[in-house]
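Data first, discussion second: the structure below is written as structure tokens.
The values are calculated or read from the model by the stated rules, or taken from the named source; none is laboratory data. The structure displayed is predicted, hence computed values, not measured ones. Cβ sites come from the backbone with ideal geometry, for glycine too, and all protein chains shown count toward neighbours.
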Amino acid sequence: MSLQDFRAMMERCSNCSYCKWIPFDKMKSQRFAENCPSSSYYNFNTYSARGRFQLAQTLMDGRCDYSDTVTEVIHSCMACGLCDVSCKVCRYNLEPLEHNIELKVSAVEKGKILPEQKVIIDNLKKQMTMLPGKTKVKRLDWMKDLDLKDILKDKCDIAFFPGCKYSYDENLQNVCRSVIDIFKKAGVIVGTLGKSDNCCAGRALQMGFREEYTKAATANIKALEKSGVKTLVTPCSDCYHTFKRQYAKLGLKIQVLHTVEYLNTLIKEGKLKLTKEVPLTVTYHDPCHLGRLGEEYIPWEGKEKKILNQVHTWEPRRPRYNGAYGIYDAPREIIQSIPGVKLVEMERIREYSWCCGAGGGCSETYHEFASWTANERVTEANSTGADALVTACPWCESSFSNAVDENGKKIKVMDIIELVQQAI
Amino acid sequence: MALDKEKYQAFEDIVGKRNISQDPGVLETYRCIAQQSSAHYGPYVDHMTPLPQAVILPGSTEEVQNIIKLCNKYKIQFKASTTFWSAMGFIGSDYAVQIDMRRMKYLEIDEKNQMAIIEPHAIGAVVQAEAMKVGLNLNVPGVGCSSSVLASTSGWVGFGPSSYFMGCAGENLLGAEWVLPDGRIMRTGSLGAGAGWFCGEGPGPSARGIARGFAGSAGTMGICCRLAIRLHPWPGPANFPTEGTIPAYRAVLPDNFKTYTLCFPSWDAYAQAFNLFFENQDILYLGHRQFNMFGRDAKGAMVNILTDPDKQFCDLPELMKDPYIKKQTELMKIDIQVVIAGMTKRNMEYKEKAIDKILELTGGWKNEMMLKPEIVNWVLMYLLRLGHKNLNYTFCGAYEGNYGMSPNHFVTAPLMEEASEIKDKWAKKYTSIADTGGDSDMGSISIIGGGGATGWEFFVNFDAYDKDSIKGTKEFIDSTQEWMFKKGLGVDMGRWNADLRKSDGKNYSQEEHDAMYIKMPQPMFLTYNWKIRNVFNPNNLTGSYYRTLTPEKLKTD
């Protein structure tokens, strides 16, 4: 795809502003009605999906250039995909999220990148991780004493892919170790990619660095294919989306599961029993890349076809990604199966969940904006009266752990795996 | 072109650095590409409104006032908008600033006095969501819940499906706070007397006729910053109990809510039913011919697509051939969707009986397919929140309202088949517009005042990315305008704004307006508008959407 391929969408976008709100049918209050972090924070129409459609047209037609502001507009999209969900309540022929990423790709190809992005991408190239300052040699430290198998050498039930955040972040490494412990207790033979375990590079794609992403993805796919593993399990929602949706586009054909899906199956099969009471009221945050962006990739090749003179459709039927079939129930079923835990919902949940602020690499590039986005979510979480905010993504956890609500109050942030561990 | 440094700095000093921009990329996103939306003129290929000198986002009435004072000082035009749907909210000259009101979103529900005090960015959905918590609701205008309530209340007639029960937006206007085009603040109604927001017409000044309008002034001058609207009873839950898989969301409401698609054997029976609804003003909560906007032949199939999360438009041809859907679609050829809401059990029984009686008197019936629970719950959600208005564009990416015939149902109903046939023949011959069965009329049982009036609008769907489709649509509306003139029906809806914005997206000059309006059969009221404008807007800074005729022209011609 190129930006030019989105021309028809740019022209057919009707400026309705649906991309700035959660689906109207789901709206319960003014306070938690908006959906797009960048348009809510920056306020100008330019920062909405509609604005970005129009900006792209303008750039292609040569009516403006990549000023600092334009570059900021492009790269401040968190690629969270909520504009896409809201748009598609009514529209069947627009793809705002794909467009926003293509706009980033186009900017990157022209060298219009942020200094912080350069550091991240350089580290990806040199150290195979997008966490600046982290090195390849330290990547497997978290699993040193766990005696894990190597899927390239040993036969395993699943390939466990922790992702960079769980691998390097000392506050999160224990979560990963807990998962392994739980899996082992359930009798699952777990392996990793060992020395071939590298960054999935999904965030590179979210930031518009398609070339770097493709290079890293191709190497990872090659390693996975070589191992012959049939199922990959990851606790990271970013990695999950990357493997399940993006790598599938590049030909990866293995089953990809998030830890919550796998744990939920173990619970249902009776292989994992949650018996200990955990007296907590919790609210659950749906990570963008597990929820609305967690839908399975369906290969499609086709073209637009007009029927009834001018009505747009596709031949053959084109898959429609609108968040309808993301992973929402598995984490909720796990939480509700823990004795003593009470789940209270926020207003923006499931396919219309508010982003944590880390999407699109913004936690590394626009700190103030990313913090504001996370604070918004903590405000929403605190409004439920919950004791803890539970999620299933290390990026979300990291964002929320430093966040405060509009009254300056924090909330206890928990990985869903921690919650499970407490119940065993 | 951008403002010089001194002027830009002066505006920046008012709103702060992060709330103003003259970056060319930002400015370009504040141009309306009017071929995409219902702009009521054109459509024209490659049509854009002018590039603003700057985009300014005020955060308070005081900031708006200071911006307008500066505009007067520099003689620069301004235009305020909030949700920017359609060309009306965009500037019309090269020397103008675009004011984006989205930072102003104050909302207060006054439960005791059944009113809401709102700023521009309190859109219909949020006002409704907050009002429902205390058993109240607002009239969401036909434009849908994504739009500014203040805009439709202050600047337009604001009728919608619920106007039968709640009145039009304009009828719900209470106290208002305006910044006039010369920078003074006007507070109307009780607000102007320091008595609060509860009344629009006193004890302070009533400026309702000046401030807002429809066919006369077509909008307003200055910027309305805050106003109060009357709220109405909502006998339902505090929140919509929405369920279902996107996009087929639906709401299972209590038994005191029902929706029916009422069908009639003839247009005469349809008009008679409307009349009976108007004569008995307490039957409906909402009345709207909604799904016919997809076209007489396609509406049944479209309802089945939209209520099934796995269906798409590629399923349309097959569904249109499905014998059951085809039969049901035929049975709702002349139809309207209604919602009734019982305030008590007895009240509900009365409403059910009243509908049955009207159907008996007119030979009508309730459509069977539309009584399926999954469809009922979807229709209730759709009509009560009006959060699916972007379906207007879903077929092709662009639509224009067409005909907009007389609001008197007895004038219009006999012409419906002729109008439908014109559209059907055009679609089949020229293919520039979607061919969905000729009749694509939609509209609400709306204004109660004056014996009742009805909105009539044929949806013309065309492709905003296809130059032939755009040109062909313009030609189609030109031809329906000719037919409208022959029938004595006035201006086609697709041409309502043709005298307000030129094909290059710019305002008409006063000279051009004078030349146009002097030929009107009764131009006097436009000279009255001219006098009002001169009092409130001496520097003529708000564009040509406020229709005026120079009084001297009337004397000399």
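Worth a mention:
To keep it simple, each residue is scored yes or no on (1) closer than 21 Å to A:GLU295 by Cα; (2) out of contact with any helix residue (DSSP H, G or I) (no Cβ under 9 Å at 6 or more places or on another chain); (3) touching a residue at least 40 places away in the same chain (Cβ under 8 Å).
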position	(1), (2), (3)
A:THR192	no, no, yes
A:ASP197	no, no, yes
A:CYS200	yes, no, yes
A:LEU205	yes, no, yes
A:ILE221	yes, no, no
A:SER227	no, no, yes
A:THR231	yes, no, yes
A:HIS241	yes, no, yes
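- For region B:417-452, a tally of residues being crowded, with 21+ Cβ neighbours inside 10 Å, in contact with a helix residue (DSSP H, G or I) (Cβ under 8 Å, 6 or more places away or on another chain) and away from every other protein chain (no Cβ under 14 Å) returns 8.
- Where a residue in region B:6-19 is touching a residue at least 12 places away in the same chain (Cβ under 8 Å) and its partner, wherever it lies, is among the aromatic types (Phe, Trp, Tyr), with Cβ under 9 Å and at least six apart: B:LYS7/B:TYR74; B:ALA10/B:TYR74; B:ASN19/A:PHE44
- Scanning region B:454-468 for any residue that is out of contact with any Lys or Arg (no Cβ under 6 Å at 6 or more places or on another chain), assigned by TED's automatic domain parsing to the domain that holds B:VAL338 and more than 20 Å from B:PHE294 (Cβ to Cβ) turns up at least one such residue.
- Qualifying residue in region B:454-468 (condition: modelled with pLDDT of 95 or more, outside any helix (DSSP H, G or I), within 20 Å of B:THR329 (Cα to Cα) and among the charged types (D, E, K, R)): no
- Residue ID - nearest to the chain's Cα centre (by Cα), chosen from residues in region B:396-416 that are small (Gly, Ala, Ser) and facing chain A (nearest Cβ under 8 Å): B:ALA398
- Taking the listed residues A:CYS156, A:CYS199, A:CYS90, the one that is closer than 30 Å to B:PHE395 by Cα and assigned to a loop (DSSP other than H, G, I, E, B) is A:CYS90, with no other qualifying.
- Note on region A:106-116: among residues that are among the small types (Gly, Ala, Ser) and either in a loop (DSSP other than H, G, I, E, B) or within 13 Å of chain B (Cβ to nearest Cβ) (or both), the one that is surrounded by the fewest Cβ atoms within 10 Å (Cβ to Cβ) is A:GLY111.
Okay, residues lined up against (1) modelled with pLDDT under 95; (2) in the same structural domain as A:ASP154 (by TED's automatic domain parsing); (3) among the basic types (Lys, Arg); (4) more than 26 Å from A:GLY187 (Cβ to Cβ):
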{"residue": "A:THR231", "(1), (2), (3), (4)": "no, yes, no, no"}
{"residue": "A:GLY251", "(1), (2), (3), (4)": "no, yes, no, yes"}
{"residue": "A:THR259", "(1), (2), (3), (4)": "no, yes, no, no"}
{"residue": "A:ASN264", "(1), (2), (3), (4)": "no, yes, no, no"}
{"residue": "A:THR281", "(1), (2), (3), (4)": "no, no, no, yes"}
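- Residue that is nearest to the other protein chains (Cβ to nearest Cβ) [pool: residues in region A:320-340 that are in contact with a strand residue (DSSP E or B) (Cβ under 9 Å, 6 or more places away or on another chain) and in contact (Cβ under 8 Å) with a residue 60 or more places away in the chain]: A:ILE327
Okay, residues lined up against (1) among the small types (Gly, Ala, Ser); (2) more than 10 Å from chain A (Cβ to nearest Cβ); (3) over 26 Å from B:CYS145 (Cβ atoms); (4) in contact (Cβ under 8 Å) with a residue 60 or more places away in the chain:
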{"site": "B:CYS32", "(1), (2), (3), (4)": "no, no, no, yes"}
{"site": "B:GLN36", "(1), (2), (3), (4)": "no, no, no, yes"}
{"site": "B:HIS40", "(1), (2), (3), (4)": "no, yes, no, yes"}
{"site": "B:VAL45", "(1), (2), (3), (4)": "no, yes, yes, yes"}
{"site": "B:ILE67", "(1), (2), (3), (4)": "no, yes, yes, no"}
{"site": "B:ASN72", "(1), (2), (3), (4)": "no, yes, yes, yes"}
{"site": "B:ASP94", "(1), (2), (3), (4)": "no, yes, yes, yes"}
{"site": "B:ASP110", "(1), (2), (3), (4)": "no, yes, no, yes"}
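- Residues satisfying the stated conditions in region B:39-94, i.e. among the β-branched types (Val, Ile, Thr), over 18 Å from B:TYR545 (Cβ atoms) and part of a helix (DSSP H, G or I): B:THR61, B:VAL64, B:ILE67
- Verdict on A:TYR366 being away from chain B (no Cβ under 13 Å) and farther than 30 Å from B:LYS423 by Cα: yes
- Among the candidates A:THR234, A:THR242, residue that is farther than 20 Å from A:VAL105 by Cβ, crowded, with 23+ Cβ neighbours inside 10 Å and of a type in the set (Val, Ile, Thr): A:THR234
Residue-wise test of (1) under 27 Å from B:GLY455 (Cα atoms); (2) touching a helix residue (DSSP H, G or I) at 6+ places or on another chain (Cβ under 6 Å); (3) crowded, with 22+ Cβ neighbours inside 10 Å.
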residue	(1), (2), (3)
B:MET302	yes, yes, yes
B:ASP308	no, no, no
B:ASP322	no, no, no
B:GLU330	yes, no, no
B:ASP335	yes, no, yes
B:VAL338	yes, no, yes
B:ASN347	no, no, no
B:GLY363	yes, yes, no
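- Restricting attention to region B:13-22 and to residues that are within 18 Å of B:PHE78 (Cα to Cα) and not hydrophobic (A, V, I, L, M, F, W, C), the residue that is farthest from the other protein chains (Cβ to nearest Cβ) turns out to be B:ASP13.
- Scope region B:321-341; condition within 15 Å of B:ARG296 (Cβ to Cβ) and over 30 Å from the mean Cα position of the chain (by Cα); matching residues: B:ILE325, B:LYS326, B:LYS327
- Some residue of region A:279-286 being within 14 Å of another protein chain (Cβ to nearest Cβ) and crowded, with 20+ Cβ neighbours inside 10 Å: yes
- Residue in region A:306-319 that is touching a residue at least 60 places away in the same chain (Cβ under 8 Å), within 14 Å of chain B (Cβ to nearest Cβ), under 30 Å from B:ASP308 (Cβ atoms) and not in a strand (DSSP E or B) present: no
- Scanning region A:287-303 for residues being within 14 Å of chain B (Cβ to nearest Cβ) and in contact with an Asp or Glu (Cβ under 8 Å, 6 or more places away or on another chain) gives a total of 4.
- Taking the criterion of being touching a helix residue (DSSP H, G or I) at 6+ places or on another chain (Cβ under 6 Å) and surrounded by 24 or more Cβ atoms within 10 Å (Cβ to Cβ), the residues of region B:21-39 that qualify are B:GLY25, B:VAL26, B:THR29, B:CYS32, B:ALA34, B:GLN35, B:ALA39.
- Any chance A:LYS271 is touching a residue at least 60 places away in the same chain (Cβ under 8 Å), out of contact with any helix residue (DSSP H, G or I) (no Cβ under 6 Å at 6 or more places or on another chain) and in a loop (DSSP other than H, G, I, E, B): yes
- Filter pass, A:TYR41 being more than 27 Å from B:SER38 (Cα to Cα), of a type in the set (Ser, Thr, Tyr), part of a helix (DSSP H, G or I) and more than 7 Å from chain B (Cβ to nearest Cβ): yes
- Scanning region A:77-105 for residues that are away from every other protein chain (no Cβ under 13 Å), over 23 Å from B:ASN392 (Cα atoms) and of a type in the set (A, V, I, L, M, F, W, C) turns up A:CYS77, A:MET78, A:ALA79, A:CYS80, A:ILE101, A:VAL105.
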